[in-house]
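I have placed the structure first, in the form of structure tokens, so that the comments after it can refer back to it.
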Amino acid sequence: MSSLLNSIDFQYVIGALVKIAVFWIFIMLVVAYTVYAERRVLAVIQNRLGPNRVGWQGLLQPFADLLKFIFKEDIIPLAVNKWLYVLAPIIVLIPAMMVLIVYPFGPGDVPLPFGADISHTLNNLGASFGMSWNIDLSKINLYVTNMNVGLLYVFAMTSLGIYGIVVGGWASNSKYSLLGGLRSSAQMISYELALSLSVIAVLIQAGTLDLAKIVEQQQGWYGFKWNIFQWPMFLPCIIAFSIYMISAIAETNRVPFDLPEAETELVAGFHTEYSSLKFALFFMAEYVNMMTVSVLATTLFLGGWNGPGVETYKWLGPVWFLAKVFFFLFLYIWLRGTLPRFRYDQLMDFGWKVLLPAALFNVVLASAIGVLFL
Amino acid sequence: MEFSHILFLGLAALAVVAAFNVILQRNPIYSAIGLIVVLGSLAALFLTLSAQFIAAMQIIVYAGAIMVLFVFVIMLLNVRAEETRMDKQKYLKWLAAPLFLALLAEVMAVVRYVNLTPQPLPSANGAANPQEVLGTVENIAFGMFTDYLIPFEAASILILMAIVGSMLLARREKKEDVERIENALVAQQEEEQKYEEEVAV
Amino acid sequence: MVPLSWYLALSAVLFTIGVIGVLIQRNVISLFMCVELMLNAVNISLIAFSRLHADRSGQLFVFIVMAVAAAEAAVGLAIIIALFRSRETLNVDEADLLKL
């Protein structure tokens, strides 16, 4: 037993768990308020008021929605495949949330206020138990981990989320769900290719897949040395950015690529037969996916936590990061209020016949420029 | 009994249980889900063996693309649960378990006589943590594009052949093809008839 | 440090399960999945040996094996679809004549 306890590095484990808890609560709040923001912004675009009754200006609306979802009757239709029907929302949500451990919220050496005092107190506490702890909380890093294969991890979790949709659509035993599930997952697989290829331009410049290091390489020019402005790769990076944005919208099943779950087309697509909390899980997973692609866009193309003033005031890093992520989320909501949706065959044609060749051409261009100038 | 031992035993048990699920389930969808669980636990085991890139590749390629293909085909062909061979030929039930144990004993006997002293990992160019260098993207990429370039290019040509081949094999027969074949058969029969008439004359 | 023989034992068990699966299963798609199980058992064995000898060749081999498995799965499933269209069954026991 003592060898078991000795073989675990408790400081690292507990630190990671605390960070995961803090980040998870934060991401859940951001997702909930993205739903609220979407309803208000869509209301402004459509010349009406959004929800503004619950709390000041409707700010407590997400909690009211959550309570409604919890207390709704949980219907399981008779003809469904019970195991897979219950498992599908879980399969969608868990990989979507697992990505948050690689989000680089801020620099790697942010000074924690009262960090030295807290470390001192904890070390004394440990000494009073006879254990010699060596905790140093004066500087913390604002990411849970910086994996060597961070970007591949993000793509892996995105690939796993497809199963929930196809299994949920099939298990519901209804033709709308099956069609919606198959179409949605086929669309996600097709646009995943263009998404992954478009990122290569950034990787050739960065030379690493580690998201924290990619952001660190964008420091400079008073916080504006972003990947889309850097010499020599600014042209491939700008093309890659446009391809990435279009593929990201298709990947998360948002307008204008949301035929598989549109209300006027397929009842509600793969989540037709889902009610109350299971539907809430699907809904939450879609918004967490939106958050993931927004975070990836700011990390790879817009410089992550870089901005004016971050070298001196390290806590401005997360502020800039969140500002850019919120800009992308606002862009998604804006597109939802403005554009009509594509037909399914137009969507698939666009993905395979336009975006994929464009992404391949971009890879060749980025490699050529990389060989010549890097 | 360290934590890494417990982690390995947990993941290995999960993999074995899911593998039994793959072979014993009647409904192919449940077999597919079992196989996805096996792939996931194997990816975690690759991580414990310092193979980060291969673990990520396993999830992206195997569990994220190949198994999606399997699941799509099962759904498109609407495959239902059937009787397994063990229901039809009942003597197989008594034959499967001893066969399993015999094969397992044979493979374990081979494993027993391999020299298994672990060697320390190389510190590639004086890296700070030599244990982590073995499976990193840089190391694998360096090997792939220098020593193993030809297998890499051959694999890419193989995948191109697979794309073209699978599209060709799985497409429906077009009406023009069917008509062309029928016309060719009719023309051949007419030629044979003419030949027989000439011979008879 | 987990002894390497444990990984090889796991690989042996998974491979044996795959072999028995190929002999038991009648559905041709499940049969194919048992073949993929065997490929994965070999993958874990290769990675374990790569770690033992501190050589990245094992991991590169696994990468190529994964690429080959992907190609094989695509073509195999296309063949299965073509078979299903002509025979209307996915039962390997009923595919015992060369004539369609």
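The values are calculated or read from the model by the stated rules, or taken from the named source; none is laboratory data. Predicted, not measured: the structure shown is a model, and the values here were computed from it. Ideal geometry is used to build each Cβ from the backbone, glycine not excepted, and the neighbour counts take in all protein chains shown. Heavy atoms of the whole protein, side chains included, go into the accessibility calculation; ligands, DNA and RNA do not. Shrake-Rupley method; radii C 1.70, N 1.55, O 1.52, S 1.80 Å.
When only residues in segment B:4-61 that are facing chain C (nearest Cβ under 7 Å) and outside any helix (DSSP H, G or I) count, which is farthest from A:D9 (Cα to Cα)? For segment B:4-61, the residue satisfying everything is B:A51.
Condition check ((1) charged (D, E, K, R); (2) over 26 Å from B:A102 (Cα atoms); (3) at pLDDT 95 or above; (4) crowded, with 23+ Cβ neighbours inside 10 Å) across all residues:
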site: C:V13; (1), (2), (3), (4): no, no, no, no
site: C:L23; (1), (2), (3), (4): no, no, no, no
site: C:N43; (1), (2), (3), (4): no, no, yes, yes
site: C:R56; (1), (2), (3), (4): yes, yes, no, yes
site: C:A82; (1), (2), (3), (4): no, yes, no, no
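With the structure loaded, tell me whether A:Y191 is open to solvent by 10 Å² or more (accessible area, probe 1.4 Å) and hydroxyl-bearing (S, T, Y) or whether it fails that test. Criteria not met by A:Y191. Candidates A:F241, A:F229: the one that is assigned to a loop (DSSP other than H, G, I, E, B), open to solvent by 20 Å² or more (accessible area, probe 1.4 Å), in the same structural domain as A:I333 (by TED's automatic domain parsing) and of a type outside the set (D, E, K, R) is A:F229.
Return a yes/no flag: does segment A:195-214 have any residue that is within 30 Å of A:P111 (Cβ to Cβ) and open to solvent by 40 Å² or more (accessible area, probe 1.4 Å). Yes. When we screen A:E273, A:E286 for residues that are touching a Ser or Thr at 6+ places or on another chain (Cβ under 9 Å), part of a loop (DSSP other than H, G, I, E, B), open to solvent by 10 Å² or more (accessible area, probe 1.4 Å) and in contact (Cβ under 8 Å) with a residue 24 or more places away in the chain, the only hit is A:E273.
When residues of segment A:204-224 are filtered for being assigned to a helix (DSSP H, G or I), touching a residue at least 24 places away in the same chain (Cβ under 8 Å), out of contact with any Pro (no Cβ under 6 Å at 6 or more places or on another chain) and farther than 19 Å from B:T136 by Cα, how many remain? It would help to see each step written out before you state the result.
Restricting attention to segment A:204-224, the residues satisfying the condition of being assigned to a helix (DSSP H, G or I) are A:204-206, A:211-216, A:221-223.
Retained after the next criterion (residues that are touching a residue at least 24 places away in the same chain (Cβ under 8 Å)): A:204-205, A:211-216, A:222-223.
Retained after the next criterion (residues that are out of contact with any Pro (no Cβ under 6 Å at 6 or more places or on another chain)): A:204-205, A:213-214, A:216.
Imposing the further condition that a residue be farther than 19 Å from B:T136 by Cα reduces the set to A:216.
So the answer is 1.
So that you can scan it fast, the table gives a plain yes or no per residue for (1) among the aromatic types (F, W, Y); (2) open to solvent by less than 60 Å² (accessible area, probe 1.4 Å); (3) under 25 Å from the mean Cα position of the chain (by Cα):
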residue: A:K82; (1), (2), (3): no, no, no
residue: A:I101; (1), (2), (3): no, yes, yes
residue: A:L112; (1), (2), (3): no, yes, no
residue: A:A116; (1), (2), (3): no, no, no
residue: A:T121; (1), (2), (3): no, no, no
residue: A:F129; (1), (2), (3): yes, no, no
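Considering only residues in segment B:73-84 that are in a helix (DSSP H, G or I) and buried (at least 18 other Cβ atoms within 10 Å of the Cβ), the one that is modelled with the lowest pLDDT turns out to be B:M75.
The sole residue among B:A162, B:A155, B:A187 that is free of Cβ contacts under 8 Å to residues at least 12 places away in the same chain, part of a helix (DSSP H, G or I), surrounded by fewer than 11 Cβ atoms within 10 Å (Cβ to Cβ) and on the phi < 0 side of the Ramachandran plot is B:A187. Could you please let me know if B:A162 is at pLDDT 85 or above and touching a helix residue (DSSP H, G or I) at 6+ places or on another chain (Cβ under 6 Å)? The answer is yes for B:A162.
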